[in-house]
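The values are calculated or read from the model by the stated rules, or taken from the named source; none is laboratory data. In this text, all values refer to a predicted model and were calculated from it rather than measured experimentally. Please note: Cβ atoms are built from the backbone with ideal geometry, for glycine as well, and neighbour counts cover all protein chains shown.
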Amino acid sequence: GGSVSYITPFLDGKPLIQHSYRLNAGGGTCTSALSQLMSLRWPAHRSTATVLNANHVKETFCYTARSSYSEELKTFEDLASYREKSIRIQLPYTEKEVPTLTEEDLERRKRQRTEAADRLREMARAKREASMEGLRGSIR
């Protein structure tokens, strides 16, 4: 299911309904977790690590262990097996255009930075003078 799964054990081919239980995790939960993991692992690709893309990755490449989980993990211990089972996925990528600045733009930015620095210096000077006047007034 999307948000829940039901586990029903079978004994000799017959379901044991009285031992069934509900697990509050399903395919949608897995997709959401995979989407979050992709966003955290590759922050530059947050816009492409969507739930839709995560669902595609899950349905195309993920599987459940046929036997026990620990046995499945052991198959990845061998480097050749690991390389055989590993899959690289290319997320959609669009290169961002970086605007080139003209000499005039560079000069304007430099002038703006200088003016901002001058304003900050003037504010600091005024604050120092006000502080000094306060101290002088308290001494008198």
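Surrounded by 11 or more Cβ atoms within 10 Å (Cβ to Cβ), in contact with a Ser or Thr (Cβ under 8 Å, 6 or more places away or on another chain) and part of a loop (DSSP other than H, G, I, E, B): does that describe Ala25? Answer is yes for this residue. Would you confirm whether any residue within region 118-131 is part of a helix (DSSP H, G or I), within 26 Å of the chain's Cα centre (by Cα) and either modelled with pLDDT of 95 or more or within 30 Å of His45 (Cβ to Cβ) (or both)? There is no residue in region 118-131 that is part of a helix (DSSP H, G or I), within 26 Å of the chain's Cα centre (by Cα) and either modelled with pLDDT of 95 or more or within 30 Å of His45 (Cβ to Cβ) (or both).
So in region 43-62, with the set limited to residues that are aliphatic (A, V, I, L, M) and touching a residue at least 24 places away in the same chain (Cβ under 8 Å), which one is surrounded by the most Cβ atoms within 10 Å (Cβ to Cβ)? Steps first, please.
Going residue by residue through region 43-62, those that are aliphatic (A, V, I, L, M) are 44, 49, 51-52, 54, 57.
If we keep only those that are touching a residue at least 24 places away in the same chain (Cβ under 8 Å) too, we end up with 49, 57.
On the way: Ala49: 22, Val57: 18.
Ranking the candidates gives Ala49 first.
Tell me, yes or no, whether region 88-103 has at least one residue that is assigned to a helix (DSSP H, G or I) and not hydroxyl-bearing (Ser, Thr, Tyr). It would help to see each step written out before you state the result.
Keep residues of region 88-103 that are assigned to a helix (DSSP H, G or I), which gives 103.
Now narrow it down to the ones that are not hydroxyl-bearing (Ser, Thr, Tyr): 103.
For region 88-103, residues assigned to a helix (DSSP H, G or I) and not hydroxyl-bearing (Ser, Thr, Tyr): present.
Selection of region 40-87 for residues being assigned to a helix (DSSP H, G or I) and acidic (Asp, Glu) yields Glu59, Glu71, Glu72, Glu84.
No other residue among Leu34, Leu40, Leu11 is more than 14 Å from the chain's Cα centre (by Cα) and free of Cβ contacts under 8 Å to residues at least 60 places away in the same chain apart from Leu11.
For residues that are under 26 Å from the mean Cα position of the chain (by Cα) and of a type in the set (Gly, Ala, Ser), tally how many sit in region 69-117. Reasoning before the result, please.
Looking only at region 69-117, we keep the residues that are under 26 Å from the mean Cα position of the chain (by Cα), and these are 73, 76, 82-83, 85-98.
From the residues that got through so far, the ones that are of a type in the set (Gly, Ala, Ser) too are 86.
Number satisfying all stated conditions: 1.
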